[in-house]
Amino acid sequence: MLIKLTGGMVYDPASGIDGQRQDIYIQDGRIVNKPVGEVQVDHEYDLKGKVVMAGAIDMHTHIGGGKVNIARTLLPEDHRLDPVARTDITRSGCGHAAPSSFVTGYRYAEMGYTTGFEPAVLPANARQAHMEMADIPIMDKGGYIMLGSDDYLLRMMTAKKDQKAINDYVAWTIQAAKGIGIKVVNAGGISAFKFNQRKLDLDEQNSHYGVTPRAILKTLATAVKELGIAHPLHVHGCNLGVPGNMNTTLDTIQGIGGLPMHLTHIQFHSYGAEGDFKFSSGAAQIAEAINKNKNITVDVGQIMFGQTVTASGDNMIQYINHKHASPNKWVTMDIECDAGCGVVPFKYKDQNFVNALQWAIGLETFLLVDDPWRISLTTDHPNGAPFTSYPHLIRLLMDRSFRNDRLSTIHPEAQKMTNLASINREYTLNEIAIMTRAGAAKLIGLKDRGGLSAGNWGDITVYTDNADRQKMFEKPDYVFKDGELVVKDGKVIHTKWGTTHVVKPDFDASVEKDLKKYFDRFLTMKLDNFKISDDEITEDGRGSLTVHPLKGGVA
Amino acid sequence: MAEITEVPSPFCGIGTDDLTIQVEGVSLKVTKNGCTVNTPAFEQAITDTGPRVDGKKVSLDVAVAKAAALLKDTNQPVIGGCATDVNGMRALLALADRSGAVVDNMNFTNARRNFLALQDSGWINTTLAEVKNRCDLLLVVGVDLEAFAPRFFEHYLWNEESMFLDDTGKREVIYLGKAPSGNASTSPTGQKAQVFECGVADLPEVVAVLRALVKGNPIRVESTGGVAVADLQAIADKLKAAKYSVVTWAAGALTYNQAELTVQTLSEMVKDLNSQNTRSSGLPLAGKEGDQTANQVCGWTTGYPARTRFSRGYPEYDPYLNDANFLLDNGEADALVWVQAFNAGAVPPVTDLPTIVVGRSGMTFEHEPDVFIPVGTPGIDHAGHAYRMDNVVAIRLKKLRDSGLPSTAQVLSAIEQAF
């Protein structure tokens with residue numbers, strides 16, 4: 001089957017193409033070069049006047065795993081406002097803040113997104129994350145495996161085990177839990193909370209292990225690099241949401257000593273403590289540090305006004321945040337001497353000074369970071385806002401007068417505390433394509449996604465150019481997934497199942513000897529029952545695994 | 001004969017995965033680490049090997065076609081039981097979505113006590129490895145824990161080593177409400193649990209007083225529900241002094257109206273403790289016969305727990321009105337599908353409505369259902385996944401024998417396809 005997409009305006013930053021009229025051919029799911037000679041085109045789409053990009057990739061979105069399901073269970077009243085009926089080809093479910101798995105897949109696809117990564121896969125709960133994601137149709141998915149508050153790593157660090165031993169453990173864990181990256185959440189802090197520590201600064205020791213967040217970050221960032229895992233260590237920093245935490249963030253950037261590091265939902269970590277309310281924007285300083293330190297990448301975690309729910313591995317911070325729960329109900333959990341979670345519903349209000357300034361801080365960050373290859377567009381779904389707000393966010397970034405109109409409506413004191421109005425930058429379509437496609441694929445190390453050159457899978461989104469960028473991005477004309485047309489005029493017309501992206505870094509098999517003993521002594525499962533087998537992903541005939549290459553010639 | 005080790009159990013809820021099972025043909029024998037719950041559940045013999053329609057043996061295809069035909073003619077089918085593995089629940093929900101059924105897990109009226117508290121105010125909970133390594137005080141409220149899970153203490157309290165306690169034998173166990181039926185809660189060094197008994201109906205008051213004492217509120221009576229307030233004060237003091245106390249209850253044992261308020265009081269008490277500079281966590285006991293599995297899979301598929309209807313084309317949750325028994329008794333349902341792959345003794349409610357049973361081999365019925373399709377048991381006849389009581393860890397169930405019985409997922413998917 002040969003498909004031809006004819007005459008569209010192509011934005012493919014992966015190939016350096018910034019708005020060029022170009023035909024695209026798809027054969028057997030993948031993009032191919034123009035066939036030579038006389039070849040029968042089976043299906044041609046006339047894309048004159050249309051904008052063509054690769055399928056979008058959300059590199060940080062909470063779409064599967066225990067905390068997401070707790071969030072769903074906690075909020076029946078939110079689901080009731082957004083029921084989704086079944087059709088002949090789609091399943092029923094619910095939407096808004098914590099949508100059902102099927103609706104997650106449909107709504108992402110209907111916005112032109114074809115891939116999403118769950119950033120907080122606890123090894124102890126990885127099975128659940130994969131089972132939930134297996135029920136997300138159309139999209140590809142993957143997960144970052146959470147380490148850094150797990151007893152095994154911390155006791156290794158206390159015992160001053162060498163980096164090689166730690167690398168083996170990290171590689172073993174990412175394989176056992178089937179991930180594509182390593183994530184740290186409040187390094188050592190989730191563990192510290194279980195010992196009744198209520199905060200943990202970058203250089204503060206965990207009271208039991210005597211290990212600091214700084215040391216954990218360095219150790220894990222080194223492991224990720226030495227193992228050749230393409231995605232840099234994915235870091236949810238210390239002191240999330242705490243006024244003045246920008247200094248922690250700046251310190252974290254310095255402390256990593258040039259190692260690759262991804263700072264996630266940076267907006268929540270860019271706060272000063274100036275002004276009448278002791279809460280101010282640190283976006284300018286943070287952006288400056290990002291601009292200077294090329295080893296650093298970020299995603300923003302933009303907040304949007306309205307009801308949502310926050311779901312995080314950071315039980316320490318979420319416990320503190322429960323005071324802001326709206327509606328007033330919340331869950332935290334300590335999990336398996338491995339990790340934790342906290343789920344707190346939030347209602348961000350534009351007339352609340354702090355919320356209004358958070359909104360501005362996120363936008364300042366987007367606009368002040370120079371290099372779109374090092375910043376990803378996220379709301380930390382659903383923590384800052386549901387992913388369905390992306391088209392609105394894109395308009396805020398691309399349309400200065402729209403942005404300033406919105407700015408003029410927020411809490412007046414917050415308006416005074418942001419320099420947003422003085423920032424003239426408007427994102428271009430090419431920059432949006434970098435942030436949501438090529439840059440995200442590069443950052444995660446996806447070998448054949450996020451681009452439109454021959455060899456890439458046929459994940460393609462086609463929009464009608466529209467000066468109202470929100471309208472443009474919320475309703476693509478066509479979305480192709482692996483070369484199959486799945487969305488037409490913003491509606492799912494066909495469903496399929498995506499793959500699960502993983503990496504398989506090598507480890508010394510002898511690592512299991514100690515781990516087996518450790519599991520028998522302390523944990524609640526046998527080692528062999530803990531490891532997720534390939535079968536578990538593929539046995540129902542829908543799922544598949546795609547293994548991505550390691551970096552820098554690491555075997 | 002084969003011997004299979006490290007076998008995980010879907011029956012006891014606490015996720016034991018150290019059983020050794022001998023397999024001879026289709027007979028199983030638990031040779032190591034069995035218990036009164038797991039051993040009979042694994043060893044139960046296969047008696048029904050093929051489906052029946054109107055009591056007559058038929059092929060699977062015929063039974064599936066008959067089931068689909070029965071369902072097609074209905075306005076409000078109800079799918080009860082919902083006791084199966086993750087793939088079974090996936091297929092069950094697909095069938096419910098297709099047929100506009102009500103889905104109701106058979107233990108939901110018990111689980112509702114937890115869900116109502118969770119959905120009203122939330123909780124701070126923990127998981128079994130945290131209990132095993134961290135818990136220094138276990139408060140057991142209103143349940144005979146060792147009858148619920150015979151190996152709980154051996155596995156999670158009297159473990160020889162723990163990460164953070166020098167001597168697990170020094171942990172304290174306090175029973176409030178119901179007394180233990182045996183000595184499993186006595187530590188290896190002979191320290192017995194403290195027991196403060198009261199009637200189950202007195203629990204709301206006793207628990208409310210305990211929470212008040214944790215908060216430091218004055219109590220003017222000397223005893224409540226037969227428990228001395230001084231004793232409750234001592235429990236409150238111990239909870240406040242503990243480094244990591246765990247409060248456990250079983251929703252199924254709180255057999256009185258509005259028991260969700262007791263769950264809520266306990267959960268709010270745990271929150272109160274955490275705001276007084278110590279750590280404490282709740283631990284609801286559940287996880288039997290796929291109840292957590294049903295709620296988890298229904299949770300991600302619909303947004304709601306497993307008492308949800310699809311009759312309007314989209315899922316609607318109602319913890320009271322979608323009760324299968326209520327719908328059957330009220331004449332609102334016009335067909336019953338009963339799915340129970342774990343327990344042959346858990347038969348469907350008696351009804352005159354067309355009934356399809358997808359059940360564990362060995363079920364005996366007062367009224368023969370219109371269609372009976374015996375299915376394999378997850379973790380015995382086929383691989384699968386089930387959730388443990390702590391609702392975080394999903395265990396990977398093994399296939400132990402070749403019985404030829406189809407899985408719940410295969411049968412329900414076939415019915416959906418034929419629909």
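The values are calculated or read from the model by the stated rules, or taken from the named source; none is laboratory data. A quick note: this is a predicted structure, and the numbers were derived from the prediction, not measured. FYI the Cβ positions are ideal-geometry reconstructions off the backbone, even for glycines, and counts take in every protein chain you see.
Structure data summary
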| item | result |
| --- | --- |
| Total residues in segment A:157-216, condition in contact with a strand residue (DSSP E or B) (Cβ under 6 Å, 6 or more places away or on another chain), part of a loop (DSSP other than H, G, I, E, B) and farther than 30 Å from A:A134 by Cβ | 1 |
| Meets criteria (away from chain A (no Cβ under 12 Å), surrounded by fewer than 24 Cβ atoms within 10 Å (Cβ to Cβ) and modelled with pLDDT of 95 or more) for B:N75 | yes |
| Check on A:G95, away from chain B (no Cβ under 14 Å) and either at pLDDT 95 or above or farther than 25 Å from A:A385 by Cα (or both) | no |
| Those residues of segment B:172-195 which are surrounded by fewer than 20 Cβ atoms within 10 Å (Cβ to Cβ) and not small (G, A, S), in sequence order | B:E172, B:N183, B:T186, B:P188, B:T189, B:Q191, B:K192, B:Q194, B:V195 |
| Flag for A:K67 being within 14 Å of chain B (Cβ to nearest Cβ) and of a type in the set (K, R) | yes |
| Residue among A:Q285, A:Q302 that is buried (at least 20 other Cβ atoms within 10 Å of the Cβ) and either out of contact with any strand residue (DSSP E or B) (no Cβ under 6 Å at 6 or more places or on another chain) or among the charged types (D, E, K, R) (or both) | A:Q302 |
| Meets criteria (in contact with a helix residue (DSSP H, G or I) (Cβ under 9 Å, 6 or more places away or on another chain), modelled with pLDDT of 95 or more and among the charged types (D, E, K, R)) for A:D150 | yes |
| Residues of segment A:513-555 that turn out to be within 30 Å of B:N133 (Cα to Cα) and either away from every other protein chain (no Cβ under 14 Å) or of a type in the set (A, V, I, L, M) (or both), as a count | 7 |
| Test: residue in segment A:186-201 that is away from chain B (no Cβ under 14 Å), surrounded by fewer than 20 Cβ atoms within 10 Å (Cβ to Cβ) and under 17 Å from A:D314 (Cα atoms) | yes |
| Segment B:93-132, residues that are closer than 20 Å to B:A394 by Cα, more than 8 Å from every other protein chain (Cβ to nearest Cβ) and β-branched (V, I, T) | B:V131 |
| Residue count, segment B:293-326 (criterion: closer than 14 Å to A:S100 by Cα, hydrophobic (A, V, I, L, M, F, W, C) and more than 9 Å from chain A (Cβ to nearest Cβ)) | 2 |
| Filter pass, B:T20 being surrounded by fewer than 19 Cβ atoms within 10 Å (Cβ to Cβ), within 14 Å of another protein chain (Cβ to nearest Cβ) and touching a strand residue (DSSP E or B) at 6+ places or on another chain (Cβ under 9 Å) | yes |
| Among (1) surrounded by fewer than 21 Cβ atoms within 10 Å (Cβ to Cβ); (2) touching a Ser or Thr at 6+ places or on another chain (Cβ under 8 Å), the one test that B:D381 misses | (1) |
| Residue that is surrounded by the most Cβ atoms within 10 Å (Cβ to Cβ), among those in segment B:327-357 that are without any contact (Cβ under 8 Å) to a residue 60 or more places away in the chain and within 21 Å of B:I415 (Cα to Cα) | B:V357 |
| Matching strands (runs of 3 or more DSSP E) fully within segment B:343-419 where at least 3 residues are more than 14 Å from chain A (Cβ to nearest Cβ) and at pLDDT 95 or above | B:355-360, B:371-375 |
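Conditions (1) in contact with a Pro (Cβ under 6 Å, 6 or more places away or on another chain); (2) modelled with pLDDT of 95 or more; (3) under 25 Å from B:A333 (Cβ atoms), marked per residue:
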residue: B:V53; (1), (2), (3): no, yes, yes
residue: B:A69; (1), (2), (3): no, yes, yes
residue: B:G88; (1), (2), (3): no, yes, yes
residue: B:A117; (1), (2), (3): no, yes, no
residue: B:N125; (1), (2), (3): no, yes, no
residue: B:A149; (1), (2), (3): no, no, no
residue: B:F153; (1), (2), (3): no, yes, no
residue: B:W158; (1), (2), (3): yes, yes, no
